[in-house]
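The values are calculated or read from the model by the stated rules, or taken from the named source; none is laboratory data. All figures in this text were calculated on a predicted structure; none of them were measured in a lab. So basically every Cβ, Gly included, is an ideal-geometry build from the backbone, and we count neighbours across all protein chains shown. Only protein heavy atoms, including side chains, enter the accessible area calculation; ligands, DNA and RNA are left aside. Shrake-Rupley method; radii C 1.70, N 1.55, O 1.52, S 1.80 Å.
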Amino acid sequence: MKKFNFTLCIFLLCSSAFAQSVSFQYVTEVPTPPELGIPLGVAVDANGGLYYTILSIGSNLSGCLYVADPLSAPPASEHVYVDDGLDFNMPNGRGITGVDVDSQGNVYMSFDTGTASSSSLRKRGPAPDFALVSDFGVDGVFGQRFEAASMLNADIVMGVLFDTVNFYDSHTGELLHTVGGGETYQRDAAYNPATNDIYLAKNRDVAGYPISAANLLSGGSPDNLAGYASIQPGFIPQGGQGGQYGTKHQKLGYDPVNDLIMVPTYTGEAAPGEGETYQLNVAFYHPSDTSTPVARIDASDSPNGPLLETGDVESAQIDGETYVFISDSRRDDNVKRILVYKMMTGSSSAKAWDLYN
């Protein structure tokens, strides 16, 4: 019988526009192959199947793997490769950077090999065969260093670049619209179907501390892509990673059932060296107020230790419950994993997938 614990960090946000109590139970964690790179991108399909990508860290190995029943936490030896196995030609810090799944189970993967000409956005069919969909640009859409793949709806997939978002026909791979001028370095995108807003994970210190963790792309819709015209900085004004180049970690997710943006938080308000002590955590924000999270997960209740090198966060409805999946690595302890938490709230019981169909 699995042991369940509550996280220590539970917050309550009360305002005239929004009131929600959010708490979490630790459920389990899915081990990813310790001999490979670090787990990065995460997605969950309508059946509760888990997809995660491996980024090359000193191994030249990268891949995308599938776990049909993540709540049972099967060993890494039972995970299935989505992309025909490992790629042995990825430079350090490169590889399959992101993954998303449409409502039909088709899988979209973003590749950054370090060179634009060999990087791509690719599509495969549903589990368990994951057949390459040749209609989507034959072998994929090439010519850009893609940092993430994210669905806008069943017909449009977004390819996230360092400072640009490309919108593609999800059936043919045709480029439909481009929005540039964002801050480097963008790492991920998440779509809010209720408002048509797009949240863009971003790290690297552009304007000084505090470092923003996400920007905003708004004004358009799936039926009006031209309305997406400019990327607005500083939407989540704190928590981002700094440095000259940022890092491929620190993606984000959006939970449409509970209306929460989920993003790893790497830095507090103070600059490093100013006596700050800070435990890495995943912050949950309501879009109407991104100055303060309504809840956090730091995984201090995990038997394998708290969060240390967190990549992506996604939510899914499984048997009527909301689960949160977090990719994380503790390389010093040789722990590489996808943590699973159950979310408890008083919010809507609507199914997340209903919002995309």
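Other residues with beta-carbon under 14 Å from the beta-carbon of Gly143 carry, at +1 per Lys or Arg and -1 per Asp or Glu, a net charge of -1. Once the dipole of the chain is set up with Lys and Arg at +1 and Asp and Glu at -1 on Cβ about the Cα centre, which of Ser288, Tyr81, Pro33 lies farthest towards its positive end? Going by the charge dipole, the pick is Pro33. The residues packed around Tyr185, meaning those with a beta-carbon under 12 Å from its beta-carbon, carry a net charge of 0 if Lys and Arg are +1 and Asp and Glu are -1. Full extension of the chain segment joining Asp169 with Ala131 gains 11.8 nm, where the gain is 0.36 nm per residue of separation less the Cα-Cα distance.
Legend: calculated FRET efficiency, Ser221 to Asn89, from the Cβ-Cβ distance at R0 = 56 Å, rounded to 0.05, equals 0.90. Once the Cα-Cα distance is subtracted from the 0.36 nm per residue extended length, the Met344 to Asp139 segment shows a gain of 69.6 nm. Computed log10 I(q)/I(0) for region 78-156 at 0.12, 0.17, 0.18 Å⁻¹: -0.32, -0.65, -0.73, from the Debye equation with unit scatterers placed on every C-alpha and solvent omitted. On the beta carbon distance between Tyr209 and Asn47, with R0 = 41 Å, the FRET formula returns roughly 0.45. The simple Förster model, with R0 at 22 Å and r as the Cβ-Cβ distance, assigns Ser230 and Ser117 a FRET efficiency of 0.20. Taking one quarter of the surface of the convex hull spanned by the alpha-carbon atoms of region 126-249 gives a direction-averaged projected area of 8.2 nm².
Placing +1 on the Cβ of every Lys and Arg and -1 on the Cβ of every Asp and Glu, with nothing else charged, gives the chain a dipole about its Cα centre of roughly 440 debye. How high is the relative contact order of the chain, given as a whole-number percent (alpha carbon pairs under 8 Å, six or more residues apart)? In percent, rounded to a whole number, it is 17. Given +1 at the Cβ of Lys and Arg, -1 at the Cβ of Asp and Glu and no other charges, the dipole of region 112-253 around its Cα centre is 420 debye to the nearest 20. Measuring nothing but how far apart in sequence close Cα pairs (under 8 Å, 6+ apart) lie, relative to its length, region 101-204 scores a relative contact order of 19 percent.
Close Lys pairs in the chain (alpha-carbon distance under 19 Å; sequence gap of 8 or more, or different chains): 7. According to the Cα-based calculation, Rg over Rh for region 28-142 is 0.95, with Rh computed by the Kirkwood formula.
Extension gain for the segment Asp69 to Ser300, taken as residue separation times 0.36 nm less the Cα-Cα distance, is 80.7 nm to one decimal. Normalising the Debye intensity of the chain to I(0), with uniform scatterers on Cα atoms only, and taking log10 at q = 0.07, 0.14 Å⁻¹ returns -0.25, -1.14. Pop out the carbon and sulfur fraction of the accessible area of region 127-266 as a percent, whole number, probe 1.4 Å. C and S atoms contribute 48 percent here.
Taking amide H as placed 1.01 Å from N in the peptide plane, Thr32 has its amide H under 5 Å from the amide H of Lys336, Arg337, Ile338, each at least 5 places away in sequence or on another chain.
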